[in-house]
Amino acid sequence: MKTPKLDPPDAVPPRPSTVVADDEGTLVAAAKQGDMAAFETLVGRYERKIFRLAQNITQSKEDAEDVMQEAFLKSFQHLAEFQGNSRFYTWLVRIAVNQALMKLRKRRPNEFSLDQEIETGDDLMPREVEDWGPSPEDRYEQTELGDILSAAIADLEPGFRIVFQLRDIEELSTEETAEALGLSVPAVKSRLLRARLKLRQKLNRHFRKEEVN
Amino acid sequence: MNCRKIIIALSEYLDGALDPILKTSIEIHLAKCEDCRLVVDTTRHTIEIYCKSTPAPLPATTRQRLHDALRKRLQA
């Protein structure tokens, strides 16, 4: 049943950024001069992603809407402080993450901490190892796939979910993720590994070849 | 190199962040160990699926409220 396949050593593809358009610098410069139309173009470009980010962190549509509004508002109000040392989107993500974490801590002050202890050791070893085939996601309609991905990430502990969101969905670097969350680089790496393995395990139920009808 | 060490180094291997000697020793292990190969492949696939996933469109009312709020508060 299993089909052994070894990717060639250089097959790990660099992941090109999918979040930055070429004219971002021009739009940001115009918005800095008070051009609301330019800013609204930036908002329109990133609103879906910021809403998904906020929803994945807060796990609440209402909170995500508040977070999104505050993030865009603050980004405009503080645009003069954006020096262009990072991508505008990265800067915006950091503002949104701050807003979302504040919301989460306010809502669940005794439950939520990014610094909470994480399990170590034997939990890392995968329990189920099965072949998925080349494109398991093609077996699902887009909406159904979206539901599967959302449910799997929602099921992660917050400390894993947020790190995975920033590193693998928003494409921040490990260092940017650590800085945004106030974590050390080793802590980000540790959480990222666990998040990736846990998500793999959750998706395995849907993507293993045995699930094909 | 054993299966546990592969798992511990998995993230950095997939990110291309390992030094060449460790990378080579991982690949020697992967050539022999089907279970580790499958874990590497399916974890890579997990990352790619999320990375490629497109966020759903904002509900029209949510979008309207966002743009109304921004116009109201930024032009005040």
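The values are calculated or read from the model by the stated rules, or taken from the named source; none is laboratory data. All figures in this text were calculated on a predicted structure; none of them were measured in a lab. For neighbour counting, all protein chains shown are included, and Cβ atoms are generated from backbone atoms with ideal geometry for every residue, glycine included. What goes into the accessible areas is simple: the full protein's heavy atoms, side chains included, and nothing from ligands, DNA or RNA. Shrake-Rupley method; radii C 1.70, N 1.55, O 1.52, S 1.80 Å.
Laid out as a table, the results:
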| quantity | calculated |
| --- | --- |
| Binned Cα-Cα distances of the stretch B:3-75, short to long, each 5 Å bin given as a whole percent | 3, 13, 17, 14, 9, 6, 5, 6, 7, 8, 7, 3, 1 |
| Other-chain or far-sequence residues with amide H under 5 Å of A:V129's (modelled H) | none |
| Under 17 Å from A:K32, Cα to Cα: aspartates and glutamates that are on another chain or at least 8 residues apart | A:D23, A:E24, A:E40, A:E81 |
| Degrees separating the helix B:34-52 axis from the principal Cα axis of chain B, which is the longest one | 20 degrees |
| Estimated vicinal HN-Hα couplings, Hz - the stretch B:16-31 in sequence order (Karplus 6.51, -1.76, 1.60; Gly, Pro = x) | x, 9, 9, 6, x, 5, 5, 4, 5, 5, 5, 5, 5, 5, 4, 5 |
| Partner lysines for A:K198 [C-alpha distance under 28 Å; skip if fewer than 8 residues away on the same chain] | A:K2, A:K5, A:K49, A:K61, A:K103, A:K106, A:K189, A:K209, B:K5, B:K23, B:K32, B:K52 |
| Peptide B:61-74, shielding by other chains (average Cβ, 10 Å cutoff) | 5 |
| Estimated buried accessible area (total), pair B and A, 1.4 Å, Å² to nearest 100 | 4900 Å² |
| Sparsely packed chymotrypsin sites (Phe, Trp or Tyr not before Pro) within the stretch A:32-107, loop by DSSP, other Cβ within 10 Å at most 16 | A:F82 |
| nm² value of the averaged projected area, convex hull over the Cα atoms of the protein assembly as shown | 16.4 nm² |
| Exposure rank, largest accessible area first [A:I95, A:I162; 1.4 Å] | A:I95, A:I162 |
| Computed label-point distance, nm, for sites A:N85 and A:D22 using a 7 Å Cα→Cβ extension | 2.9 nm |
| Cα-centre dipole for the stretch B:3-75 with unit charges at Cβ (Lys and Arg positive, Asp and Glu negative), debye to 20 | 640 debye |
| Length gained when the stretch A:K74-A:Q59 is fully extended (0.36 nm per residue, less Cα-Cα span) | 3.2 nm |
